[in-house]
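These notes concern the structure reproduced below.
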Amino acid sequence: MFKIVRDKIVAFVSEIGYKIALFKHARNLPALEQSDRPILARLKKEGVYVTSLEELGFESSSDMLKAANVLLPRMAKNNQQEVAQKLPDILTVTQIPAFAKWGRSSRLLNIIENYIGLSIAFHGVHLRKDFQNQNQFGTLLWHKDSEDRRMIKAIIYLNDVEDKHGPFEYAPLALTSPLTKNFYRIYYLMWKSGYLGINDETLSKIVPKSAWKSCPGKAGTVILVDTKRVLHHGTIRTEERGALFFVYTANPPKQPQDCTQYWDDSYAKPDMGQYVDTTTIAV
């Protein structure tokens, strides 16, 4: 009992400190370009904003895509026609300048800092190839991420993504926010699952499938999403999907131990001997 009470007090004090930090940092938030204000407004309202590399217009996008399109074909291949559960192949590419430069684009950082409301940390980048699967498991289950109170993942499709490739999908905040009873029903089910996630059938009894928001798109589609606030998942696919995941939180995040995977040895890293200069990879 003492431990429970102590933990609640610690959590309460932590949240008070967080609110104070937000208030103090508000005066130091970077100015946004006029064209980026609708992005921030949409993130605050919906937790998701879908755009494209072309629309963002970052100069570093070309080198970043060149590096990704060299590495992606070298990743694992799925030669089996029918697989119930096959884990994705993930590379940590944070150390590669072409990816790091895009992830530190000043306009992007300014948008994210204004959304999170505090000084931010760019944790790193995963290059990910997802394979066809028949069953929901892992990130195919509906879930929320745990790294921080607010966070942003920038997901970039490296191939055209239709329903057969398993596009990113989310439940609208209007139907899942703490202001709705759905939030508490979903929280209970997540707790029962050990926070592993819930399947389509279970969620459809709370949020109708007709309300779910799928995000197909052409290669170069960029999805900015707060994966802590927004209930989301990848959908079952019959064809492979390649994507990049850039990750941002407040600095420091609430759960720093959950952020190390984006730069440590949790996943394989490309052999740096493949590089011919600081921005591109030798084909």
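I'm trying to understand the selection: among the residues of segment 147-160, which are touching a Ser or Thr at 6+ places or on another chain (Cβ under 7 Å) and closer than 30 Å to residue 185 by Cβ?
147, 148, 151, 153
Could you name every one of the strands (runs of 3 or more DSSP E) located completely within segment 166-233 that has at least 3 residues being at pLDDT 95 or above, of a type in the set (Val, Ile, Thr) and surrounded by 19 or more Cβ atoms within 10 Å (Cβ to Cβ)? Steps first, answer last, please.
Working: elements: 168-170, 213-215, 221-225.
Ranges flagged: 221-225.
Which ones in segment 134-149 are crowded, with 23+ Cβ neighbours inside 10 Å, farther than 22 Å from residue 268 by Cα and of a type outside the set (Phe, Trp, Tyr)?
Once the filter is applied, which keeps residues that are crowded, with 23+ Cβ neighbours inside 10 Å, farther than 22 Å from residue 268 by Cα and of a type outside the set (Phe, Trp, Tyr), segment 134-149 yields only 148.
Collect the residues in segment 106-138 that are in a strand (DSSP E or B) and at positive phi, keeping them in residue-number order.
124, the sole residue that qualifies.
For segment 236-247, how many residues are under 27 Å from residue 66 (Cα atoms) and of a type in the set (Val, Ile, Thr)? Steps first, please.
Of segment 236-247, the ones under 27 Å from residue 66 (Cα atoms) are 237-247.
Cutting the leftovers down to of a type in the set (Val, Ile, Thr) gives us 238, 247.
Final tally of qualifying residues: 2.
Consider residue 68 carefully, then state whether it is part of a loop (DSSP other than H, G, I, E, B), small (Gly, Ala, Ser) and over 24 Å from residue 37 (Cβ atoms). Outline the logic, then answer.
Values: part of a loop (DSSP other than H, G, I, E, B): no; small (Gly, Ala, Ser): yes; over 24 Å from residue 37 (Cβ atoms): yes.
So residue 68 fails the test.
For residue 110, work out the one condition from (1) in contact with a Gly (Cβ under 6 Å, 6 or more places away or on another chain); (2) over 22 Å from residue 242 (Cα atoms) it doesn't fulfil.
Status for residue 110: all satisfied but (1).
Test of understanding: among 59, 33, which residue is farther than 24 Å from residue 254 by Cα, surrounded by fewer than 15 Cβ atoms within 10 Å (Cβ to Cβ) and touching a Lys or Arg at 6+ places or on another chain (Cβ under 8 Å)? So that I can check it myself, show each step before the final result.
Details: 59 fails: touching a Lys or Arg at 6+ places or on another chain (Cβ under 8 Å).
From the options 59, 33, the qualifying one is 33.
Those residues that are within 18 Å of residue 153 (Cβ to Cβ) and free of Cβ contacts under 8 Å to residues at least 60 places away in the same chain, I need them from segment 14-54; list them, please.
42, the sole residue that qualifies.
Report, ordered by the first and then the second residue, all pairs with beta carbons closer than 7 Å, sequence separation of six or more or different chains, a first member in segment 118-144 that is within 15 Å of residue 167 (Cα to Cα), and a second member that is surrounded by 19 or more Cβ atoms within 10 Å (Cβ to Cβ) and basic (Lys, Arg).
From segment 118-144, the pairs are 130/237; 130/241; 132/237; 133/237.
Just one of (1) assigned to a helix (DSSP H, G or I); (2) within 25 Å of residue 102 (Cα to Cα) trips up residue 154, so point out which.
(1)
The values are calculated or read from the model by the stated rules, or taken from the named source; none is laboratory data. This one's a predicted model, so the numbers in the text were calculated from it and none came from an experiment. Reconstructed Cβ throughout: ideal geometry from the backbone, glycine too, with neighbour counts over all protein chains shown.
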